[in-house]
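This report concerns only the one structure given below.
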Amino acid sequence: MKIGDQVRFLSEKGGGRVVGFQKGGIVLVEDADGFEIPMLATEVVVVGNENYDTARMVQKHEEKKNNTSSVKALLNTGDSDEAADSEEEEEFDFSKVTFKAPVEERKGGNQLSAYLAFVPLDAKMLSQCQFECYFVNDSNYYMRYTLCAAEGNSWVLKYHGEIEPNTKEFLYELGREDLNTLDRVAVQVMAYKKEKAFVLKPTIDVQLRIDPIKFFKLHTFKENDFFEQPALLYTIIENDQVARALVVDPQQLKREMYAKNGNSHESKDAQEQVKKEKREIKKRRGDEDVVVVDLHAHELLETTIGMSASDILSYQLEVFRKTLAQYKSKRGQRIIFIHGKGEGVLRRAIVNELAYRYKQYQYQDASFQEYGYGATQVTIK
């Protein structure tokens, strides 16, 4: 019997290869699992030695006995199948895993709520800082949405995407110079669930007026459930109730109410009032209509609480510029800007704009008889 012989046990099942000898007639037999089993030489019988690498067995035995081989050496000289298995484990491609945990729904989340949120990057420097715009989905529904900004009579797509339930998604970052492009925005939303039945929700189409002045007033950014810092939120839909238009025509609402109630006398009075207001807004002079724009703060803003004189002036000038932009293609159009006398700050600001920014337009004091001493007439050229 020599190292490398294939042997079988006599007194029990099993066998293996002879890998060494010890005193007292002990034979070390390596079984199929690589374990060395000491057996008496009288308890084993040689059954063959073909197809066996004697040198490899001796080397493995010596390495185990001296415990001087490195793991790398064992991999190089050991069982190639074990090394291959190890390499396969290291090179496993986790990108092939397609399992995704199901969306967790919250109680009360089956009513749609969504918001457009603006978060200042530095609340202490509102006049100079950038703002982050987010879409907030506070419901158990997926939402596919589009955000568009008005550009004249057309719309420009600003962002579109799909947002998961009960999450918020960053859209883009905007600066002070970008706020005027968001004067009027439209948000369209389609809500649904994936891989489960759900209550069908109507598609949402909402137009919002974004007031640039609010971005420069600290009190308009409020604590909320979606961000750690204060944010300015515009409601798109809340508890399945779509946001109402921010600009309401009270006379149109009054006429509709009277028409619904069938009150012809009051309806006639309302129509007369509307005609009177139209005459105040538009006055005919020759064959041309004269557009009248009242720039008094109480006519433009619902409230001026918390606004400084500089904030109000900036807003009045913004309305002035937008009006000129609206009528820039109508040659010969006359526009009356009522600014009042006061201290003359607004008038001087308007004249300065006309002198340096709108040199192509003709301007003069408006009729004293009709508008007093507090109006300027601009003619589009």
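The values are calculated or read from the model by the stated rules, or taken from the named source; none is laboratory data. Just so it is clear, the model here is predicted, and its values are computed rather than measured. Cβ coordinates were reconstructed from backbone atoms using ideal geometry, including for glycine residues, and neighbour counts include every protein chain displayed. To get the accessible areas, we keep the full protein, side chains included, count just its heavy atoms, and leave off ligands, DNA and RNA. Shrake-Rupley method; radii C 1.70, N 1.55, O 1.52, S 1.80 Å.
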For the peptides 123-130, 12-19, what is the packing order when you average, over each peptide's residues, the other Cβ atoms within 10 Å and list the highest mean first? 12-19, 123-130
Less than 12 Å Cβ to Cβ from GLU151, Lys/Arg counted +1 and Asp/Glu -1: what total charge do the surrounding residues give? +1
Ranked by accessible surface with a 1.4 Å probe, highest first, in what order do ILE213, ILE305 come? ILE305, ILE213
As a test of reading the structure, rank LEU40, LEU233, LEU346 by solvent-accessible area (1.4 Å probe, protein chains only), most first. LEU40, LEU233, LEU346
Taking 29 Å as the cut-off for C-alpha to C-alpha distance, list the pairs among LYS124/LYS201; LYS158/LYS322; LYS124/LYS328; LYS158/LYS328; LYS193/LYS217; LYS168/LYS196 that go past it. LYS124/LYS201; LYS124/LYS328; LYS193/LYS217
So if each residue of separation counts as 0.36 nm, and I subtract the Cα-Cα distance between THR167 and GLN360, what length gain in nm does that give? 64.5 nm
Residues meeting the amide H criterion for GLY15 (H placed from the backbone, H to H distance under 5 Å, 5 or more places apart or on another chain) are PHE9
Solvent accessible area, Å² - PHE221, 1.4 Å probe, full protein context: 20
Carbon and sulfur: what percent of region 163-206's accessible surface (1.4 Å probe)? 51
At a probe radius of 1.4 Å, what is the per-residue accessible area of MET1, in Å² to the nearest 10? 100
The FRET efficiency for ALA197 and ILE37, from their Cβ-Cβ distance with R0 = 51 Å and rounded to 0.05, is 0.20
Less than 14 Å Cβ to Cβ from GLU173, Lys/Arg counted +1 and Asp/Glu -1: what total charge do the surrounding residues give? -3
